[in-house]
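First the structure, in the form of structure tokens, and then the observations on it.
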Amino acid sequence: MKHLRELAERALRGAVEPLIAFLTKHRVHPNTLSSLGFLITCSSGYFFHQHQVRTAGALILIGGIFDLFDGAVARRTGLASPFGAFYDSTLDRLSEIIVYLGLLSLYNNYYRVEQGDVAMIYVVMLAMAGSLMISYTRARAEALDIECSIGLMQRAERVLLIGLAAVLFGDQNGGIVLKVVLYTLAILTNLTVVQRIWWVYRNTRPEGQAVGRAVRRRPSERGPNT
């Protein structure tokens with residue numbers, strides 16, 4: 001899965017390389033790109049709320065492309081900074097929460113629960129909790145100087161699955177494809193959290209001294225989000 005993810009990322013980065021070069025040439029600040037990506041992704045939550053599922057999916061995918069822009073532009077322009085890395089990761093978490101809130105509204109049917117899908121509300125909540133905990137476990141592991149990028153359902157996979165399911169299938173047949181994706185996320189994100197807990201346990205002594213490959217990312221580096 002990791003190899004497939006890297007191949008897909010390289011292919012997509014090659015496709016948008018001319019735009020990255022343009023942004024680099026004009027020294028567009030990476031924090032500006034992070035902010036734009038945040039606003040676009042957040043807008044998808046609104047369109048989920050309005051039951052415009054295909055539009056919401058398209059906006060998620062467009063917003064996700066900015067994850068490629070900001071990191072590459074930051075490195076090439078020399079504008080990478082510790083705050084930039086913090087800012088980018090924080091906005092990613094906030095935008096993800098807003099997307100899930102939009103999905104909650106979609107299945108809650110404008111707060112008329114008797115006409116909505118109560119089961120899906122719990123599924124979305126589980127998927128959101130698992131997604132946030134994936135990021136949290138990596139952050140805590142890196143604070144211990146332990147590399148922790150293992151597991152399925154990192155941010156790129158989550159963006160692609162929700163975005164593609166929404167934009168390609170919309171609410172056809174009761175939105176069954178998007179529902180299957182959300183059930184999958186609810187299960188696999190939380191399994192990834194368990195996998196990362198086990199990984200950190202294996203790479204620490206009982207007293208907490210790391211024994212595995214401890215590779216700490218530099219604070220100014222904008223790496224792939226989880």
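Read-outs throughout are calculated quantities, based only on the coordinates presented, and are distinct from any laboratory measurement. Computed from a prediction, not measured in an experiment: that's the story for all the values here. All Cβ positions, glycine included, derive from the backbone under ideal geometry; neighbour counts span all protein chains shown.
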Taking every alpha carbon pair in region 50-142 and sorting the distances into 10 angstrom bins from 0 up to the bin holding the longest one, the percent per bin comes out as 14, 35, 31, 15, 4, 0
A student asked for the Cα radius of gyration and Dmax of region 2-202 in angstrom ought to give 17.4, 54
Given backbone amide H placed at 1.01 Å from N, residues whose amide H is under 5 Å from that of residue 204, ignoring those fewer than 5 places away on the same chain, are 211
List the relative contact order of region 25-71 as a percent without decimals, with contacts defined as Cα pairs under 8 Å and 6+ residues apart.
49
Relative contact order of region 2-202, please, whole-number percent, based on alpha carbon pairs below 8 angstrom and at least 6 residues apart.
23
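Which peptide among 61-69, 83-91, 16-24 comes first, and what is the full order, when sorted by highest mean count of other Cβ atoms within 10 Å? Please list the in-between numbers first.
On the way: 61-69: 20.6, 83-91: 17.9, 16-24: 14.7.
Per-residue Cβ counts within 10 Å, averaged per peptide and sorted highest first, yield 61-69, 83-91, 16-24.
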